[in-house]
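First comes the structure, then the notes that go with it.
The values are calculated or read from the model by the stated rules, or taken from the named source; none is laboratory data. It should be emphasised that the depicted structure is a prediction, and the values quoted were computed from it without experimental measurement. Glycine gets a Cβ as well: all are built from the backbone with ideal geometry, and neighbour counts include every protein chain shown.
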Amino acid sequence: MKQKIRMGMVGGGQGAFIGAVHRMAAALDGEIELVCGAFSSDPERSKASAADLGIPEDRAYGSFDEMIRREKRLRPEKRMQFVSIVTPNHVHFAPAKMALENGFHVICDKPLAFDMKEALALEKIVEKTGLLFALTHNYTGYPMVKQARQMIRNGALGAIRKVVVEYPQGWLSTFLEQDGQKQAAWRTDPKRSGIAGAMGDIGTHAENLAEYITGLKITELCADISIFVPGRLLDDDGSVLLRFDNGAKGVLMASQISAGEENDLNIRVYGELGGIAWRQMEPNTLTVRWLDKPAELFRTGRGELYPEAQKHTRIPGGHPEGYLEAFANIYRNFALCIRAREEGRTIDPIYTDFPSVKDGVRGMKFVEKVIQSGKSKQKWINL
């Protein structure tokens, strides 16, 4: 019987949101098994969380360093094979560094690190160890996002001229952090989130999606950032003009004070011959509008799609696939790459398509330059 790839987790214990999402995504394809964890910085809460998840007491750890040290001593066929890090931003670097230096692959929530110094250090460690590293920019996992990427790669739209990407949310329209709401508290705290609020939390998703779909790199930006809610310490809204390496121009908006909005990440890309439009809240549909013929709708699981889209689709058309499945595509691909590496096989490049440490460095650089531009009188900044 095929053995599952064994995962350890840092963070994601009782009261956490994103840890449960990671666990569901990891389990969806039957490729991964959660075998151990350090689920909280509080050792007692960590062990209580492990018990809730059915983790044996001897694999429930009080800290990530204890987990990594003790797991390394176990027999190869029992110890975890990779670590999933689902902590706030300021606790990404240390467990990722230690895991890599002790021979464990890593999946880390975004953004990559607390600051640029940590991001560059992690990039060097990944290069030195040669281990696998994935960053959970989960929106790249949607089949229709991959369809859009391949259309642009194959020249269907011609040369790209314009990119418009938006991520409006409304959940921080009030001073929610003062009420002790856990997710709001750490995301608006410079000591845990870093130099950016909305731009670090969701602006990085918009930046990553724009570069992923188009295959272009942002070379310059001009940012206007704001704090609308009195008393808040980090940006809750921002708009950024973009210049890409092929001469295309773009606009990026990220806002957490867009009252009434949920998670309306959306992107439009326009080329010489036509344009595409995709919305995260209607993820099964990709709209393509042509310069000289009627518009087309591409749907997940239906029609002639590129293999990159088909291989990331699980169920027939008409059955909604969404957030968890996109997340799961990253975990499945990561697990397949670990298995192929351990068996000495070459894997289909379709399954190596997950965000890397280099994407994480790009995201951190984007955040740093957005904040720099937003606070500077010299608005255009090289990325």
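Values as computed for the structure displayed
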quantity: Failed condition for SER41, given (1) out of contact with any strand residue (DSSP E or B) (no Cβ under 6 Å at 6 or more places or on another chain); (2) under 30 Å from ALA185 (Cβ atoms); (3) touching a residue at least 60 places away in the same chain (Cβ under 8 Å); calculated: (3)
quantity: Elements of type strands (runs of 3 or more DSSP E) contained in the range 1-100, each with 3 or more residues being on the phi < 0 side of the Ramachandran plot, surrounded by 24 or more Cβ atoms within 10 Å (Cβ to Cβ) and modelled with pLDDT under 95; calculated: none
quantity: Pairs with Cβ under 8 Å, 6+ apart, first in the range 279-295 and under 10 Å from MET144 (Cβ atoms), second part of a strand (DSSP E or B) and aliphatic (A, V, I, L, M); calculated: THR285/LEU297; LEU286/ILE276; LEU286/ALA277; LEU286/LEU297; THR287/ILE276; THR287/ALA277; THR287/LEU297
quantity: Residues that are surrounded by fewer than 19 Cβ atoms within 10 Å (Cβ to Cβ) and not in a loop (DSSP other than H, G, I, E, B), drawn from the range 292-307; calculated: GLU296, LEU297, ARG299, PRO307
quantity: Residue, nearest to PRO143 (Cα to Cα), within the range 259-291, restricted to residues that are in a strand (DSSP E or B) and of a type in the set (A, V, I, L, M); calculated: LEU286
quantity: Cβ-Cβ under 7 Å pairs, at least 6 apart or on other chains, the range 8-25 side without any contact (Cβ under 8 Å) to a residue 40 or more places away in the chain, far side surrounded by fewer than 19 Cβ atoms within 10 Å (Cβ to Cβ) and not in a loop (DSSP other than H, G, I, E, B); calculated: GLY13/ARG45; GLN14/ARG45; GLN14/ALA48; GLN14/ASP52
quantity: Test: ALA134 is in contact with a helix residue (DSSP H, G or I) (Cβ under 9 Å, 6 or more places away or on another chain) and small (Gly, Ala, Ser); calculated: yes
quantity: Test: residue in the range 272-289 that is farther than 30 Å from PRO168 by Cβ and either over 21 Å from the mean Cα position of the chain (by Cα) or surrounded by 13 or more Cβ atoms within 10 Å (Cβ to Cβ) (or both); calculated: no
quantity: Subset of the range 328-381 [surrounded by fewer than 23 Cβ atoms within 10 Å (Cβ to Cβ) and of a type in the set (Phe, Trp, Tyr)]; calculated: TYR351, TRP380
quantity: Filter pass, LEU209 being of a type outside the set (Val, Ile, Thr) and crowded, with 24+ Cβ neighbours inside 10 Å; calculated: yes
quantity: The range 302-320, residues that are within 19 Å of ILE276 (Cα to Cα) and without any contact (Cβ under 8 Å) to a residue 40 or more places away in the chain; calculated: ARG302, GLY303, GLU304
quantity: Residue among VAL269, VAL251 that alone is buried (at least 21 other Cβ atoms within 10 Å of the Cβ), β-branched (Val, Ile, Thr) and modelled with pLDDT of 95 or more; calculated: VAL269
quantity: Residue within the range 37-57 that is farther than 23 Å from MET98 by Cβ, among the aliphatic types (A, V, I, L, M) and touching a helix residue (DSSP H, G or I) at 6+ places or on another chain (Cβ under 6 Å) present; calculated: no
quantity: Count of residues meeting criterion [without any contact (Cβ under 8 Å) to a residue 60 or more places away in the chain and part of a strand (DSSP E or B)] in the range 221-240; calculated: 3
quantity: Tabulated pairs, the range 52-67, first within 18 Å of LYS78 (Cβ to Cβ), second in a helix (DSSP H, G or I) and aromatic (Phe, Trp, Tyr), C-beta under 6 angstrom, 6+ apart or interchain; calculated: none
quantity: Checking ILE152 against (1) over 24 Å from ASN329 (Cα atoms); (2) in contact with a strand residue (DSSP E or B) (Cβ under 9 Å, 6 or more places away or on another chain); (3) in a helix (DSSP H, G or I), the condition it does not meet; calculated: (1)
quantity: Search result, residues across the range 171-206 that are charged (D, E, K, R) and in a loop (DSSP other than H, G, I, E, B); calculated: ASP189
quantity: Conditions (1) of a type outside the set (Asp, Glu); (2) part of a loop (DSSP other than H, G, I, E, B); (3) not assigned by TED's automatic domain parsing to the domain that holds GLY194: number failed by LEU324; calculated: (2)
